[in-house]
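K.L.:
Let me give you the structure first, and then I'll get to my questions.
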Amino acid sequence: MTTPQGDSHDQASREYHESPAGTQEEYRQLGKDYELAVDRLRSARSAQFAYLLVLLSAFTLVALLAYSVVIGLWRDQPVVTRYVGLIALLVLCIAAGNLAVKNRRRIIEFDVEVRNLNHDRQSAAARIPSDSLESLRIYREASQDIVTQFRGRATRNLRAHNTVQAIIIIGSIGASTTTALMAGEHPLSWVSTGLTAFISITAGLAAYFKFRERGYNLQSTADEIEKHYNATQFRLGEYGTASTETGGTESDANTEAEAARLRLFAENVERLRDEQRKRELQLEQSPGQREER
């Protein structure tokens, strides 16, 4: 049996969750739960990879050890040493396989949780009016995730570029040195030939994938988005003059001015993202295709 006080409390709770503030709070909470679930799923997948790697390594050692036992390469060693090592590796294989199976179930559970939370988060976002000030603020804060993503990709591309360049430099020096040391009919002259071929392949891959250009474009786009983000916060440049005409109170005027700044920010971010996509497509095309276009 419910009391009038309980009914009024439930009604107030429903009204709060249906209000813009309640929807906003629900969206933030679901976003937090979603990120935590994604982190758990990522950790479980990393653990699964480690289990499978251990299992593969253990199976390899079991095969080698069993082969050594069968052909009798360890005849000068005690029998206990041979079979204890083999049994220990078999136990390791069984344990790693058991952990991999159990962790696979956890991955499925975490994946379902992530999908459900993502659906709830999208449903909460859909209840926020697309032209409301809250949705524009959400987009502005979500742009920081775009900056983080672009900078992460830029770091990976630049790291790959630096690694490839270091390999080319060191390999070129090594190839020229071995060529000078192994001149003539040296039995190891194939080493310099292999190094030269390896350097040529590495340089070709670097020219094809264009790691430096990709990293530079991503970093530039991330910096531009962050510059616009800071400009909206401190009302710099074009964001200091962005406003709309309103005949209401001063509070309504401030709200409309903020909404105009955030709409301008959204337009600039979408323009930068579109330019970044076009640059990535250009890098995917061959020089001949770019000239035809």
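The values are calculated or read from the model by the stated rules, or taken from the named source; none is laboratory data. In this text, all values refer to a predicted model and were calculated from it rather than measured experimentally. Every residue, glycine as well, gets a Cβ built from its backbone with ideal geometry; the counts of neighbours run over all protein chains shown.
K.L.:
So, in the range 164-186, how many residues would count as being in contact with a Leu (Cβ under 8 Å, 6 or more places away or on another chain), modelled with pLDDT under 85 and assigned to a helix (DSSP H, G or I)?
P.N.:
Total satisfying the criteria: 2.
K.L.:
Ok, one more. If a residue must be farther than 19 Å from Thr221 by Cα and among the hydroxyl-bearing types (Ser, Thr, Tyr), how many such residues does the range 146-169 contain?
P.N.:
1
K.L.:
State yes or no: is Lys278 loosely packed, with under 12 Cβ neighbours inside 10 Å and either basic (Lys, Arg) or in contact (Cβ under 8 Å) with a residue 40 or more places away in the chain (or both)?
P.N.:
Working: loosely packed, with under 12 Cβ neighbours inside 10 Å: yes; either basic (Lys, Arg) or in contact (Cβ under 8 Å) with a residue 40 or more places away in the chain (or both): yes.
For Lys278, the condition - loosely packed, with under 12 Cβ neighbours inside 10 Å and either basic (Lys, Arg) or in contact (Cβ under 8 Å) with a residue 40 or more places away in the chain (or both) - is met.
Okay, residues lined up against (1) aromatic (Phe, Trp, Tyr); (2) modelled with pLDDT of 90 or more; (3) exposed (fewer than 13 other Cβ atoms within 10 Å of the Cβ); (4) outside any helix (DSSP H, G or I):
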site	(1), (2), (3), (4)
Ala125	no, no, no, no
Ile138	no, no, no, no
Thr196	no, no, no, no
Leu205	no, no, yes, no
Ala222	no, yes, no, no
